Amino acid sequence: MTLSINDVSKTFVSDDAETIDALSHISLSVNNEEFICILGPSGCGKTTLLRIVAGLESASSGSVSVDGIPVTRPSPKMAMIFQEYSLYPWRTVEENVMLGLELRGVNKPDRVTAAEKFLDLVGLKGFERRYPHELSGGMRQRVAVARALAIEPSILLMDEPFGALDAQTRNRMQYELLRIWEKTKKTILFVTHSVDEAVFLADRIVVLTQRPGRIKEIVTIPSVRPRERTSDEFGQIRRHLLDMIKEESDLVQ
Amino acid sequence: MTRRLGLVLPILLIIGWEVVAIIVNNPFFLPKLETVIPVLLSPFSDVLGTGSLVDNALVSIERVVFGFALAAAVAIPLGIGMGRFSVLNDFFDITLEILRPVPPLAWVPLALAWFKIGIVSIVFIIFIGAIFPILLNTVDGVRGVKNTWIEVGTTLGASERQVLTKVVIPGAAPTIWTGLRVGFGISWMCVVAAELLPGPTSGLGYLIMYAYNLGEINVIIAGIIVIGLIGLVVDQGFKAVEKRWFGWRGLER
Ligand SMILES: Nc1ncnc2c1ncn2[C@@H]1O[C@H](COP(=O)(O)OP(=O)(O)OP(=O)(O)O)[C@@H](O)[C@H]1O
Ligand SMILES: [Mg+2]
């Protein structure tokens, strides 16, 4: 599996013909089973980039390809986890997770088996019959992760999936995600605006500038895991990233 | 407790009615309770040669079911189309906005001219009465389906058709159901009103008009009570389904 983003730019045209440049000349080549974090200030185009990769939005120029095939619409090779809660409230947890397989016409017993497997993987065994409104925010994002994994994509696109969670839950979810990643061998594109989160998770961090988002720098993180959040080495990387982000936000003032 | 509180007013009204009836002592103005209750207690015996209360109620219900079902069969698909495709909405919108404020009963003369006196005319009036609430709620419901829900569906591999059946329709169902409930209430009003007009020779509306011509006010009141009770029971049925199947709407968060 190779994912490549080739010189992607995106300009939105609003109803009153105003144009908004969201992304400018983004190029990135993602290796198989790599964990990439995209870090950038609010509004710099992170969601837009992920949506273009997912095939939900088209680039104004440039292209995205997976295994050399250009992405023009959503592909079963990729699954997306959205920034906002996205579970179907009328479906139980299990039914949410089974949806992707249901759409492919997989029979019920196999769907149930798959749902069980992935719910177990995200630590939600026993919650099959619950409805989303009965779950906490963290649990709901786990269901969303299980639902995405259930279609067995090779790439996971995650848009600030833990952004709405409290610090403790967030840390736990980060551990869990790494565990799942190591177990399932996915390639992950993970959007965040938390430096700490990016340093903890990523193989490489792609830092974007203020809107229109351009790549400011790509920072490679030493591949040791699990990472000690407070170690000197990561402290230095963190400082470097924070400086870059401060530089960016100073530009707007 | 609140349910019991709700019973106080009906009881007071009944007592007040009886007191006034005794004072007035004129069965052609306000009959006593004792003359109304026997009519209600023998729903299967003939009333004034028009058939029993139950017979007449069944006739009215049959007409409503026809007109209502027809309205739902037209309004739901049309509403889904209009909610989903702005071209369809733009095409129908103005026409519907002009027709909507016309009271269903204003169509009576035209219905008689087109379909003559008979069930077709009555069903037509009911159809007109029920179609707008069902249509408007369906359009609203479909528009209210979150874009994220639809995008999750497409990233999981849903075809256009599957998006409709697995996401849009279930997502809009609670609002559509509200439309059906309101539509049924209006249908019920329409059937009784249409039966009051010259032409029909059966139905609850016909029965109370006929009783008026014979000066049998007690039958009129008994008829009104039956009309109210049937409306109430059906509405409770709609509410029960709403609670059982669409309870998720209020619980989303
Ligand atoms: N459909 C759209 N139409 C017009 N402008 C849009 C659209 N989607 C996004 N934008 C604009 O593009 C820019 C980037 O938006 P985007 O959602 O990608 O930012 P983001 O980096 O994900 O922000 P956040 O961190 O707050 O989620 C913003 O200025 C936004 O207003
Ligand atoms: Mg975003």
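The values are calculated or read from the model by the stated rules, or taken from the named source; none is laboratory data. Note that the structure is predicted; figures quoted are calculated from it, not measured. Here the Cβ is made from the backbone with ideal geometry for all residues, glycine too, and neighbour counts use every protein chain on show.
Here is a yes/no grid of residues against (1) over 16 Å from B:Arg63 (Cα atoms); (2) in contact with a Ser or Thr (Cβ under 6 Å, 6 or more places away or on another chain); (3) in contact (Cβ under 8 Å) with a residue 40 or more places away in the chain; (4) in a helix (DSSP H, G or I):
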residue	(1), (2), (3), (4)
B:Trp177	yes, no, yes, yes
B:Arg181	yes, no, yes, yes
B:Ala194	no, no, yes, yes
B:Met209	yes, no, no, yes
B:Phe238	yes, no, yes, yes
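Take region A:142-168 and flag every residue that is modelled with pLDDT under 90 and more than 16 Å from ligand 2 (Cβ to nearest atom).
Selection gives A:Asp166, A:Ala167, A:Gln168.
Quickly run through region B:11-51 and pick out the residues that are surrounded by 16 or more Cβ atoms within 10 Å (Cβ to Cβ) and either part of a loop (DSSP other than H, G, I, E, B) or of a type in the set (S, T, N, Q) (or both).
Across region B:11-51, the qualifying residues are B:Leu30, B:Pro31, B:Lys32, B:Thr35, B:Val47, B:Thr50, B:Gly51.
Tell me the residue from B:Gly199, B:Gly157 that is touching a residue at least 40 places away in the same chain (Cβ under 8 Å) and not in a helix (DSSP H, G or I), please. Give the steps one after another, and end with the answer.
Numbers: B:Gly157 fails: touching a residue at least 40 places away in the same chain (Cβ under 8 Å).
None of the others qualify; the one that does is B:Gly199.
Picking from B:Leu164, B:Leu110, which residue would you name as being assigned to a helix (DSSP H, G or I) and either away from chain A (no Cβ under 14 Å) or among the basic types (Lys, Arg) (or both)?
B:Leu110
Which members of region A:122-141 meet the condition of being at pLDDT below 90, more than 11 Å from every other protein chain (Cβ to nearest Cβ) and in a helix (DSSP H, G or I)?
A:Gly138
For region B:133-160, which positions are at the interface with another protein chain (Cβ under 7 Å from one of its Cβ atoms) and either surrounded by fewer than 23 Cβ atoms within 10 Å (Cβ to Cβ) or within 18 Å of A:Pro161 (Cβ to Cβ) (or both)?
If we filter region B:133-160 for residues that are at the interface with another protein chain (Cβ under 7 Å from one of its Cβ atoms), which is where we start, we get B:148-149, B:151-152, B:154-158.
Result: B:Thr148, B:Trp149, B:Glu151, B:Val152, B:Thr154, B:Thr155, B:Leu156, B:Gly157.
Pick from region A:10-35 the residues that are farther than 19 Å from A:Gly68 by Cα and surrounded by 18 or more Cβ atoms within 10 Å (Cβ to Cβ): which of them is nearest to ligand 2 (Cβ to nearest atom)?
Per the stated criteria, the residue is A:Ala22.
Check region A:36-59 and report whether any residue there is surrounded by fewer than 20 Cβ atoms within 10 Å (Cβ to Cβ), more than 18 Å from A:Ala148 (Cα to Cα) and away from ligand 2 (no atom under 14 Å from the Cβ).
yes
Can you report the number of residues in region A:67-98 which are in a loop (DSSP other than H, G, I, E, B) and more than 16 Å from ligand 1 (Cβ to nearest atom)?
Residues that pass the stated criteria total 15.
Condition first: of a type outside the set (A, V, I, L, M, F, W, C), crowded, with 21+ Cβ neighbours inside 10 Å and over 18 Å from the mean Cα position of the chain (by Cα). Now tell me which residues in region B:172-207 satisfy that.
Answer for region B:172-207, where residues must be of a type outside the set (A, V, I, L, M, F, W, C), crowded, with 21+ Cβ neighbours inside 10 Å and over 18 Å from the mean Cα position of the chain (by Cα): just B:Pro200.
Between a first residue in region A:143-161 that is on the phi > 0 side of the Ramachandran plot and a second residue that is within 12 Å of ligand 1 (Cβ to nearest atom) and assigned to a loop (DSSP other than H, G, I, E, B), which pairs have beta carbons less than 6 Å apart while being 6 or more apart in sequence or on different chains?
Every condition considered, the pairs that remain are A:Glu160/A:Gln83.
From (1) within 25 Å of the chain's Cα centre (by Cα); (2) in a helix (DSSP H, G or I), pick out the condition that doesn't hold for A:Thr113.
Checking A:Thr113 against (1) within 25 Å of the chain's Cα centre (by Cα); (2) in a helix (DSSP H, G or I), the one that fails is (1).
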